[in-house]
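In what follows, a single structure is set out as structure tokens and then discussed.
Please treat every number below as a calculation from the coordinates, not as lab data. Computed from a predicted model, the values in this text were never measured in an experiment. Reconstructed Cβ throughout: ideal geometry from the backbone, glycine too, with neighbour counts over all protein chains shown.
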Amino acid sequence: MSYNLLKGKKGIIFGALDEKSIAWKVAMRAKEEGAEFVLTNAPLAMRMGEINKLAEACNTQVIPADATSVEDLENLFTKAQEILGGKIDFVLHSIGMSPNIRKGKSYGDLNYEWFLKTLDISALSFHKVMHVAEKQNAMNEWGSIVALSYIAAQRVFPDYTDMSQAKAVLESIARNYGYRLGKLNKVRVNTVSQSPTKTTAGTGVGGFDAFYDYADKMSPLGNASAESCADYCITLFSDLTRMVSMQNLMHDGGFSTMGISEDVVEMISKQS
Ligand SMILES: NC(=O)c1ccc[n+]([C@@H]2O[C@H](COP(=O)([O-])OP(=O)(O)OC[C@H]3O[C@@H](n4cnc5c(N)ncnc54)[C@H](O)[C@@H]3O)[C@@H](O)[C@H]2O)c1
């Protein structure tokens with residue numbers, strides 16, 4: 001159902017890899033709500049070709065950019081404004097990757113070169129995106145910038161290894177750049193802390209199925225789906241949330257406030 005929440009708004013959406021991606025769902029919802037936007041992803045991800053299908057469905061274009069490269073981001077923001085015919089109202093940063101997780105390294109055995117890559121791709125890229133937006137004065141007043149996070153920024157999830165630090169840095173960048181862009185031209189910056197979700201990045205984390213089920217059983221509303229995450233992002237891009245900034249917003253069906261649930265007690269009781 002469409003409410004025309006983003007009618008007339010222009011955006012940039014990072015991170016749609018395939019139709020399971022959270023960014024893919026956000027793009028589909030943004031289109032439904034009347035937004036115009038460009039899509040972007042790392043050149044490597046473009047080779048999979050899936051993103052072109054999304055571009056076709058949304059009647060838009062894809063501009064390749066490695067989000068760790070300031071040069072690529074400068075080109076992206078310049079081209080996006082040319083294509084969309086004006087400044088940007090919303091940006092979705094939906095990017096995460098840890099070479100250590102990919103290679104199955106445990107927390108006590110991290111490769112430090114890869115650790116730096118994790119931080120660069122999953123956290124510093126968010127700073128770089130806003131740095132370029134600021135330098136180009138690319139954001140409209142009352143614009144909205146959202147990045148996706150995970151509760152491992154605050155709590156311990158052993159298999160999430162160096163991504164936990166990346167998410168803590170990401171959330172800190174949202175607060176600090178949120179101050180700066182808010183003062184500069186009333187742009188708001190937030191992170192959305194999403195439930196475990198069955199995507200390429202999500203299922204790459206060791207033990208994913210177990211903590212997906214655990215989170216689902218702990219949350220009174222169950223795990224939040226990628227579709228509901230997209231709905232929430234749309235509200236954050238809309239004019240209905242103009243005064244929300246510098247927040248890490250939990251979108252997790254209630255998980256983060258729970259101690260233990262009856263479902264989890266029952267599950268453990270059955271095993272013992
Ligand atoms: N899936 C989950 O369980 C879950 C939970 C909470 C938060 N998140 C976060 O949601 C975001 C989106 O992930 P997803 O679950 O949709 O998985 P996904 O694998 O579909 O998306 C990750 C995206 O990051 C992109 N990317 C990687 N390196 C890049 C680079 N150098 N430059 C530009 N893009 C790059 C990938 O190409 C991919 O499109 C991530 O920040 C992730 O940490 C996911």
message = As an exercise: evaluate K87 against (1) in contact with a Pro (Cβ under 9 Å, 6 or more places away or on another chain); (2) of a type in the set (K, R); (3) within 17 Å of G11 (Cα to Cα) and give the number of the one condition it does not meet.
response = (1)
ask   = Scanning segment 212-224 for residues that are in contact (Cβ under 8 Å) with a residue 24 or more places away in the chain and within 11 Å of the ligand (Cβ to nearest atom), which turns out nearest to V146 (Cα to Cα)?
value = A224
note = If you go through I12, I88, the only one that is over 18 Å from I121 (Cα atoms), among the β-branched types (V, I, T) and buried (at least 21 other Cβ atoms within 10 Å of the Cβ) is I88
key: Total residues in segment 2-21, condition on the phi < 0 side of the Ramachandran plot, assigned to a loop (DSSP other than H, G, I, E, B) and not small (G, A, S)   = 9
Subset of segment 72-104 (residues that are touching a helix residue (DSSP H, G or I) at 6+ places or on another chain (Cβ under 8 Å) and closer than 23 Å to K198 by Cβ) = L92, H93, S94, I95, G96, M97, S98, P99, N100, I101, K103
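Hey, among N185, N190, N176, which residue is closer than 21 Å to A67 by Cα and surrounded by fewer than 17 Cβ atoms within 10 Å (Cβ to Cβ)? Write out each step before concluding.
On the way: N185 fails: closer than 21 Å to A67 by Cα; N190 fails: surrounded by fewer than 17 Cβ atoms within 10 Å (Cβ to Cβ).
Criteria check complete, one pass: N176.
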inquiry  = Exactly one condition in (1) touching a Cys at 6+ places or on another chain (Cβ under 7 Å); (2) more than 27 Å from G178 (Cα to Cα) is false for L92; which is it?
reply    = (2)
task = Quick one: which residue in M48, M97, M130 is under 17 Å from the mean Cα position of the chain (by Cα) and in a loop (DSSP other than H, G, I, E, B)?
result = M97
message = I'm checking my understanding of the structure. Among residues of segment 140-173 that are part of a strand (DSSP E or B) and of a type in the set (S, T, N, Q), which one is surrounded by the fewest Cβ atoms within 10 Å (Cβ to Cβ)?
response = N140
Test set (1) assigned to a loop (DSSP other than H, G, I, E, B); (2) in contact (Cβ under 8 Å) with a residue 40 or more places away in the chain; (3) more than 19 Å from C229 (Cα to Cα); (4) more than 10 Å from the ligand (Cβ to nearest atom) - A80 fails condition number = (1)
Segment 37-57: number of residues that are more than 18 Å from E82 (Cα to Cα), touching a helix residue (DSSP H, G or I) at 6+ places or on another chain (Cβ under 9 Å) and among the hydrophobic types (A, V, I, L, M, F, W, C) = 6
key: Hey, T118 in contact with an Asp or Glu (Cβ under 7 Å, 6 or more places away or on another chain) and not charged (D, E, K, R) or not   = yes
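For residues in segment 27-54 being within 9 Å of the ligand (Cβ to nearest atom) and not small (G, A, S), which is surrounded by the fewest Cβ atoms within 10 Å (Cβ to Cβ)? It would help to see each step written out before you state the result.
We begin by selecting, within segment 27-54, every residue within 9 Å of the ligand (Cβ to nearest atom); these are 40-46, 48, 51.
Add one more test, that the residue is not small (G, A, S), and what stays is 40-41, 43-44, 46, 48, 51.
On the way: T40: 29, N41: 27, P43: 11, L44: 9, M46: 18, M48: 12, I51: 24.
It comes out as L44.
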ask   = In segment 187-211, how many residues are touching a residue at least 40 places away in the same chain (Cβ under 8 Å), farther than 19 Å from L249 by Cα and more than 8 Å from the ligand (Cβ to nearest atom)?
value = 3
